[in-house]
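Engineer: Can you read through this structure? Questions will come right after.
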Amino acid sequence: MIGNDWDNVLKVVFEGEGFKNFLNKVDEEYNKYICYPKKEDIFNALKKTPYEKVKVVIIGQDPYHGEGEAHGLSFSVKKGIKLPPSLQNIFKELKNDLGIINEKDGDLTKWAEEGVLLLNSILTVKKDMPLSHKELGWQLLTDYIIKKINEKDEAVVFILWGAFAKSKKSFITNKKHLIIESTHPSPFSAYNGFFGSRPFSKTNEFLRINNRGEINFKL
């Protein structure tokens, strides 16, 4: 279904009758309404970052709900799309933290290929209706994904921005991993703890100490 080692990691889920019924519900939503991202992009986070290569997890809430924005990676937008405010603030903190300037392009695919799993908790959304698929059932899958990453022997950094992401903290119990948390990069909260939190340098310092190789956050 994914085309890499996630298929084996999530085999018990993917082969279950409940998941097949769930996918039928997702299909119904896409047939009735305009939904994002495109069907072929829903599982991009898993496709771009195989389980074995996961070094960092950045947990988002649900996809951008504007036309042409979402493409299956949390906080990321397609090339040529105006940067959303939260992503602008992420890039501001990246510049202040590591001196890296990413201003023109909001497509974070390169981060995903470096080992950053850009995982939304809810993988689909109706057009112009944030959290419209909150009750659909995606969290059963994405919470399980977080639990499976928690089982990894290799050290992983979990970046939790905002209350929603922090609610997943209870799944991260393996002492080998690092949790970095702050307020959300949204303009409503970025000045209350996100700016100055230095998540990118903290991430790379931890990965370096654990011989996992740093992330190149330059796009």
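Engineer: Of all residues in the stretch 172-194, count the ones that are of a type outside the set (A, V, I, L, M), open to solvent by less than 50 Å² (accessible area, probe 1.4 Å) and more than 15 Å from I58 (Cβ to Cβ). Lay out the reasoning, then the answer.
Structural biologist: In the first step, residues of the stretch 172-194 are kept if they are of a type outside the set (A, V, I, L, M); the result is 173-177, 181-189, 191-194.
Adding the requirement that they be open to solvent by less than 50 Å² (accessible area, probe 1.4 Å) leaves 174, 177, 182-183, 185-186, 189, 193-194.
This time we only want the ones that are more than 15 Å from I58 (Cβ to Cβ), so: 174, 189, 193.
Within the stretch 172-194, residues that are of a type outside the set (A, V, I, L, M), open to solvent by less than 50 Å² (accessible area, probe 1.4 Å) and more than 15 Å from I58 (Cβ to Cβ) number 3.
Engineer: Let me ask another. Need the failing condition index for K32 against (1) more than 15 Å from the chain's Cα centre (by Cα); (2) within 23 Å of A155 (Cα to Cα), just the number.
Structural biologist: (2)
Engineer: Would you check which residues across the stretch 168-182 are out of contact with any Pro (no Cβ under 8 Å at 6 or more places or on another chain) and within 16 Å of S74 (Cβ to Cβ) and list them? Please lay out each step first, then the result.
Structural biologist: To start, the set of residues in the stretch 168-182 that are out of contact with any Pro (no Cβ under 8 Å at 6 or more places or on another chain) comprises 168-179, 181.
Residues satisfying the conditions are K168, E181.
Engineer: Turning to a different aspect of this structure: Taking only pairs six or more apart or across chains, which ones have beta-carbon atoms under 8 Å, a first residue in the stretch 162-185 that is farther than 12 Å from S121 by Cβ and among the hydroxyl-bearing types (S, T, Y), and a second residue that is open to solvent by less than 50 Å² (accessible area, probe 1.4 Å) and assigned to a loop (DSSP other than H, G, I, E, B)?
Structural biologist: Sorted first by the residue in the stretch 162-185, then by its partner, the pairs are S182/G193; S182/F194; S182/S197; T183/S189; T183/G193; T183/F194.
Engineer: What number goes with the only condition from (1) over 16 Å from the mean Cα position of the chain (by Cα); (2) open to solvent by 30 Å² or more (accessible area, probe 1.4 Å); (3) modelled with pLDDT of 95 or more that K79 does not pass?
Structural biologist: Tallying (1) over 16 Å from the mean Cα position of the chain (by Cα); (2) open to solvent by 30 Å² or more (accessible area, probe 1.4 Å); (3) modelled with pLDDT of 95 or more, K79 fails exactly one: (3).
Engineer: Does I122 satisfy the criteria of being within 28 Å of G213 (Cα to Cα) and open to solvent by less than 10 Å² (accessible area, probe 1.4 Å)?
Structural biologist: Numbers: within 28 Å of G213 (Cα to Cα): no; open to solvent by less than 10 Å² (accessible area, probe 1.4 Å): yes.
Here the answer is no, as I122 does not meet what is asked.
Engineer: Can you tell me how many residues in the stretch 103-116 are touching a Leu at 6+ places or on another chain (Cβ under 8 Å) and open to solvent by less than 10 Å² (accessible area, probe 1.4 Å)?
Structural biologist: Total meeting the criteria: 5.
Engineer: Only one of G68, G106, G72 is touching a strand residue (DSSP E or B) at 6+ places or on another chain (Cβ under 9 Å), under 24 Å from A163 (Cβ atoms) and assigned to a loop (DSSP other than H, G, I, E, B). Can you tell me which?
Structural biologist: Working: G68 fails: under 24 Å from A163 (Cβ atoms); G106 fails: touching a strand residue (DSSP E or B) at 6+ places or on another chain (Cβ under 9 Å).
Of the residues listed, the single one that is touching a strand residue (DSSP E or B) at 6+ places or on another chain (Cβ under 9 Å), under 24 Å from A163 (Cβ atoms) and assigned to a loop (DSSP other than H, G, I, E, B) is G72.
Engineer: Can you find even one residue in the stretch 89-99 that is under 17 Å from L119 (Cβ atoms), open to solvent by 50 Å² or more (accessible area, probe 1.4 Å), among the hydrophobic types (A, V, I, L, M, F, W, C) and more than 13 Å from the chain's Cα centre (by Cα)?
Structural biologist: Of the residues in the stretch 89-99, the ones under 17 Å from L119 (Cβ atoms) are 90.
So of that shortlist, the ones also open to solvent by 50 Å² or more (accessible area, probe 1.4 Å) come out as none.
No, there is no match, as no residue in the stretch 89-99 is under 17 Å from L119 (Cβ atoms), open to solvent by 50 Å² or more (accessible area, probe 1.4 Å), among the hydrophobic types (A, V, I, L, M, F, W, C) and more than 13 Å from the chain's Cα centre (by Cα).
Engineer: What number of residues within the stretch 191-219 satisfy the criterion of being of a type in the set (V, I, T), in contact (Cβ under 8 Å) with a residue 12 or more places away in the chain and either over 18 Å from L117 (Cα atoms) or part of a loop (DSSP other than H, G, I, E, B) (or both)? Outline the logic, then answer.
Structural biologist: So in the stretch 191-219, the residues of a type in the set (V, I, T) come out as 203, 209, 215.
From the residues that got through so far, the ones that are in contact (Cβ under 8 Å) with a residue 12 or more places away in the chain too are 203, 215.
Restricting the remaining residues to those that are either over 18 Å from L117 (Cα atoms) or part of a loop (DSSP other than H, G, I, E, B) (or both) gives 215.
Summing the residues that are of a type in the set (V, I, T), in contact (Cβ under 8 Å) with a residue 12 or more places away in the chain and either over 18 Å from L117 (Cα atoms) or part of a loop (DSSP other than H, G, I, E, B) (or both) in the stretch 191-219 gives 1.
Engineer: Within the set of pairs 6 or more residues apart or between chains, which connect a residue that is within 17 Å of I209 (Cβ to Cβ) and in contact (Cβ under 8 Å) with a residue 60 or more places away in the chain inside the stretch 142-157 to a residue that is surrounded by 17 or more Cβ atoms within 10 Å (Cβ to Cβ) and aromatic (F, W, Y) with Cβ atoms less than 6 Å apart?
Structural biologist: Note: pairs meeting the criteria are V157/F206.
Engineer: May I ask you to say which residue of I2, I42 is over 30 Å from S182 (Cα atoms), within 18 Å of the chain's Cα centre (by Cα) and surrounded by 17 or more Cβ atoms within 10 Å (Cβ to Cβ)? Steps first, please.
Structural biologist: On the way: I42 fails: over 30 Å from S182 (Cα atoms).
After ruling out the rest, the residue left standing is I2.
Engineer: Taking the stretch 170-190, which residues are out of contact with any Asp or Glu (no Cβ under 8 Å at 6 or more places or on another chain) and either closer than 23 Å to T109 by Cβ or assigned to a loop (DSSP other than H, G, I, E, B) (or both)?
Structural biologist: I172, T173, K175, H177, I180, T183, H184, S186, P187, F188, S189
Engineer: A follow-up question, please. Would it be correct to say that D153 is open to solvent by 60 Å² or more (accessible area, probe 1.4 Å) and on the phi > 0 side of the Ramachandran plot?
Structural biologist: On the way: open to solvent by 60 Å² or more (accessible area, probe 1.4 Å): yes; on the phi > 0 side of the Ramachandran plot: no.
Considered against the rule, which asks whether it is open to solvent by 60 Å² or more (accessible area, probe 1.4 Å) and on the phi > 0 side of the Ramachandran plot, D153 comes out as no.
The values are calculated or read from the model by the stated rules, or taken from the named source; none is laboratory data. Here the structure is a predicted model, which means the values were calculated and not measured. As a convention, Cβ positions derive from the backbone with ideal geometry for all residues, glycine included, and neighbour counts pool all protein chains shown. Note: areas computed on protein heavy atoms with side chains; ligands, DNA, RNA excluded. Shrake-Rupley method; radii C 1.70, N 1.55, O 1.52, S 1.80 Å.
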